[in-house]
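Working notes for the structure below.
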Amino acid sequence: MKRTTMKYSLIAVLVIFAIVPALIIAAVGIFSSVGYSDSVIGSEFEDGSVAKASSLGTLFSKYTSDAATLAKLDVVIDTVGDSSDDNDTATFNTVKSFAEGDDGILDVLVLDLNGAVLTSATGIESKSTFEHFTQTMPAVSTLLSWDKYGSDAFFVSHEVLVSEKAAGYVVVVVNPGPGGLVQTALNGFYTDNDTARLVLIDSEGNTINFEGNGLTMKSTQLDSSVLDKLSRFFNSNANVTTSNITEGLQTGTAGRYSYVCGIIPNVTSWRWLGIMEGSSGISVSTLIALGALLVLVVICCLAGVFLIGKILGNMRDMIKTMNSIDAEDGLTAMRFDIKNKKSELGSIQGSFNDFLDEIAINSDRYRTIAKLSDNMLFEWDFHKERMYISENAMAKFDLKPEGATLSNGRFLDGLMEPADADKYKRDISAMLKGQKGYSAQYQIKNKSGTMTWISLRANCITDRTGELLRVIGVMTDIDNEKKLELQLSERASIDFLSQLYNRSTFTSMLATELDRRGPKKIAVMFLDVDDFKFINDRFGHSVGDEVIKFVADTIRKRVDSRGGFAGRFGGDEFVMCVMNQEDVENAEQIAMDMIDEFFMGYTSSDGVMLNVKVSIGITYCPDHTTDVNELISFSDTAMYFVKKNGKNNYHIYVPEDSENDEYRDPEGY
């Protein structure tokens, strides 16, 4: 049987999936045509909006020009400049004839600088204060509500100059509703979908013709999506002083609307706004084409799934076998049952059987090496979430692979003291994050319950893409070597005669305690045996050594069980660190008690009763200093104060002690 079945089946699959990209290209073409249609309508919408907006620009220019013309008439200037009523009739006739010439003008008024109405074309506001007067009258106002005219309107104003000084205003109140020139300029739709219309919007969000009915709308009634764009419509970059109405056009969408917005020359409070609802959408024929396209895609996909199923159907037993392989027994027990050795599938199964044989050999080799080695091994498989622990590790420590992970408290960290367990977890986390190896030393509990030092080395194994696959670790029992190392380290830090810390170790430990003391207080006592040279000269150096041991033992009793520590600085000098807060508060009493205990003395090996006297200097951190060297030096100075003032006593350091060279230890610290 020729190995062609899978080959031709895969070719069929490739042919099917070549059709799908072609269908996708067809879909892109359909949507591109729809997009082109939208683009054409959008261009038509923008051009139509600009064309209609031009008439608005002309209209606003007319109103501002008319107001300026009226403001320059002599009769108006005389009315504003002369408070008498002589010119009222002439001015009234002038503004009335002006208002009657335009149905879009509700009223024309002449005001003084305080807003008092001097003349009104309708007479409605005569001899009153202008309804919307402000100290700085805008050239063109926003849309305003008027009690006296009974409708919404805006006004156009211009200053009246008398002797080149502002003396009043001409105000033209413009009707934006039906019947006026503003509405005439706004009327009508101008795209094929009959939704595009021209709208006037002011800086407060009030609109004219927003719903296409010629009516005004306050900002509280305006569509919120359009209102959200208000600051964009009135962008300060738009140059309202230009005569070109197309300058600074803004386009975009607001909710269900597409819009184009532009300026009105020389008018800061209004913008024209072309609004169009929706877009051209997708035609029925396009929807039918899309539906047919979708059906073809589904059919192609189903056909592809069917053929792939046929191909993979013969592999079902192979996949089932692979899923049944167990890391322990499956590698040697499971094999693929090859039904047709001449087919592609048969060749693949045969290769997998050879591969499994090689894995089994390697696995046996791995276990044999682990059994023969003194090193203890473990391996964590991230994909299978399974832990392997070598037999010698499980024989020495109470470790079980079931349910254990690298740091869930059921592996090495479960056999450690809390401090070591926290360090181990931080080390593991850092290793996994960096995907690198690490080595460290820990103490873990063995099966007998004693703590054993181990050296642990671990490495991350990743695949070619960098994904973490395994962590392999080696543990080595270093208990004897570590204990010997600690003994040697301890010997290097302990004074042989007194069995207290030596100078360098005490200073290092005190520096550490000062760094981590927090708000706590620490006391340091510097002790020196009085007349120690006399003891050596009279009784011999062996007795002198006994005195050193006696003093050291007495000091040790005061600190060992109370959280403190002590050291010998050489000769007959000793230093104590007191950290128990109760002892710190009673440091003076402790000093007196030790002085009394030393003086009670002891009997030497030669039968001589010796009364030992000591001088003690006391300093406190942070009261005196937080520096370790200064703290010891100050206590030494305080001790020497006692030496100079009678001995066998204690003294708490004061800064004046350092200023007097008399109290400085000649040997110094």
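The values are calculated or read from the model by the stated rules, or taken from the named source; none is laboratory data. What you are looking at is a predicted structure, and each value in this text was computed from that prediction instead of being measured. Note: ideal-geometry Cβ built from the backbone for every residue, glycine included; neighbour counts use all protein chains shown. Quick note on the areas: whole protein, heavy atoms, side chains included, nothing else; ligands and nucleic acids left out. Shrake-Rupley method; radii C 1.70, N 1.55, O 1.52, S 1.80 Å.
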Out-of-range pairs (alpha-carbon distance over 28 Å; input Lys72/Lys127; Lys148/Lys229; Lys557/Lys647; Lys483/Lys613; Lys423/Lys520; Lys96/Lys148)
Lys148/Lys229; Lys483/Lys613
Can you bin segment 544-629 into rounded, prolate or oblate? Criterion: square roots of the alpha carbon gyration tensor eigenvalues sorted a ≥ b ≥ c, rounded for a/c under 1.5, prolate for a/b above b/c, oblate for the rest.
prolate
Would you please state the base-10 log of I(q)/I(0) at q = 0.10, 0.11 1/Å for segment 518-669, with intensities from the Debye formula using one equal scatterer on every alpha carbon?
-0.33, -0.40
Can you give me the P(r) profile for segment 156-244? Cα pairs, bins 5 angstrom wide beginning at 0, each as a whole percent.
3, 12, 15, 16, 19, 17, 8, 5, 3, 1, 1, 0
Taking Rh as the Kirkwood radius computed over alpha-carbon pairs of segment 394-478 and applying Stokes-Einstein at 25 °C with viscosity 0.890 mPa s, one gets a diffusion coefficient in µm² s⁻¹ of 182 µm²/s
What accessible surface, in Å², does a 1.4 Å probe find on Arg562, ignoring ligands, DNA and RNA and rounding to the nearest 10?
90 Å²
In segment 91-187, which GluC sites (Glu not before Pro) are in a loop and have at most 12 other Cβ atoms within 10 Å, using DSSP for the loop call?
Glu164
Point-to-point label distance, Arg426-Val608, nm (Cα→Cβ direction, 7 Å offset):
5.4 nm
I'd like the accessible area for Asp112, computed on protein heavy atoms only with a 1.4 Å probe and all protein chains in place. Round to 10 Å², please.
40 Å²
Met609 accessible area, assembled protein chains, probe 1.4 Å, Å²:
100 Å²
Based on Cβ point charges of +1 for Lys and Arg and -1 for Asp and Glu, what charge dipole magnitude is obtained for segment 53-139 about its Cα centre, in debye rounded to the nearest 20?
300 debye
Could you pull out the trypsin sites (Lys or Arg not before Pro) across segment 122-168 that fall in loop regions by DSSP (anything but H, G, I, E, B) with no more than 12 other Cβ atoms inside 10 Å?
Lys127
Express in nm, to one decimal, how much length is gained between Thr253 and Ser39 on full extension, taking 0.36 nm for each residue of separation and deducting their alpha carbon distance.
75.7 nm
Qualifying GluC sites (Glu not before Pro) in segment 384-474, DSSP loop, other Cβ atoms within 10 Å at most 13:
Glu385, Glu402, Glu467
